[in-house]
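Q: The structure under discussion is supplied below as structure tokens; questions concerning it will follow.
The values are calculated or read from the model by the stated rules, or taken from the named source; none is laboratory data. Remember, predicted model here, so these are calculated numbers, not experimental data. When we count neighbours, we look across all protein chains shown, and the Cβ atoms used for this are built from the backbone with ideal geometry, even at glycine. These area figures cover heavy atoms from the full protein model, side chains too; ligands, DNA and RNA do not enter into them. Shrake-Rupley method; radii C 1.70, N 1.55, O 1.52, S 1.80 Å.
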Amino acid sequence: MSLSLDPTQLDRYSRHIIMDEVGPEGQQSLLDAAVLVVGAGGLGAPIIQYLAAAGVGTLGVADDDEVELSNLQRQIIHGNDDVGRPKVESAADFVADLNPDVTVRTHEVRVEPDNVAGLIEDYDFVVDATDNFRTRYLVNDACTLSGTPFSHGAIYKFEGQVTTFTTEGPCYRCLFPEAPPEGMVADCASTGVLGVLPGTVGCVQATETVKYLLDEGELLDGRMLFYDAMDMTFEEVEFRRNPDCPVCGDDPIETLSQVEYAEESCPVNAD
Ligand SMILES: [Zn+2]
């Protein structure tokens, strides 16, 4: 690693650099890192915002949606004038205004079995910020098979859950081997979500991402954090690798083509 922080960067990141846990080396690690955020909606908005502010040098944003007026109640990187624009373009403009150190790579695609491996391969860390089981399993399986660490976050009305998967720990399928059948989970657009909720969960995901890149602290690896906004409680459940897991168990699949990914009626990234 070569330190190349210029005077403007020493000023911009001074509150990072002054801390022993980050320092100029840690800040350089953030600037040298590439993180893919899958979903530029409710969870993706605070994640993109804080990772950009922190100086993560390359931010990939994957989303095939356009900004809608009903998104603005929680998707805080998009504004009134962005309604009708692709979310990846709106996100890129937001980041460009916040921090010119950050290069945004936009991926205006729906995550599919035939493109997910190519999407994640250039990134050090992936953040799953979708609210869609199909994409969630695709991200889990592709990241686990390729040894790419990733953050998982999910929200429902007033509740959220978040964890971090590294190459050493279990994966999402160890907890939930299969997606629930269609109709078992209420349609995302019809359930509603407290606007602040994805902010809380997304900020935990952004925190985990920065800690991973800095190689500092204890990650939520093998721990699922459950957040209840109504009771204002955080609870933690530990979980282990499942030897029967089809993706990281003792007899794992070799390619995504060995798995069925059911279509969902719920639009991708609609949270
Ligand atoms: Zn697993």
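Q: Once each part is reduced to its C-alpha centroid, what is the distance from segment 79-129 to segment 14-30 in angstrom?
A: The distance from the Cα centre of segment 79-129 to that of segment 14-30 comes to 25 Å.
Q: Still on this structure, please answer the following. Measure off, as a whole percent, the carbon and sulfur share of the 1.4 Å-probe accessible area of segment 7-258, all protein chains present.
A: In segment 7-258, the share of accessible area belonging to carbon and sulfur is 49 percent.
Q: So what does Glu238 come to for accessible area, using a 1.4 Å probe and Å² rounded to 10?
A: Per-residue accessible area (Glu238): approximately 140 Å².
Q: Amide H neighbours of Val127 under 5 Å, at least 5 residues apart or on other chains, H built in the peptide plane: list them.
A: Residues meeting the criterion, in which the H sits 1.01 Å from N, are Leu36, Val37, Val38, Ser151.
Q: Ranking request for peptides 74-85, 50-61: highest mean number of other beta-carbon atoms within 10 Å first, then the rest in descending order. Don't jump to the answer; show the numbers that get you there.
A: Working: 74-85: 17.4, 50-61: 21.9.
In descending order of packing, they fall as 50-61, 74-85.
Q: Using the 2.2 N^0.38 Å rule of thumb for compact globular proteins, work out how segment 7-258 stacks up: its C-alpha Rg over that value, please.
A: Rg over 2.2 N^0.38 Å, computed on Cα atoms: 0.98.
Q: Also: Just the accessible area per residue of the chain, please: how many Å² with a 1.4 Å probe?
A: With the other protein chains kept in place, the chain gives 47 Å² per residue.
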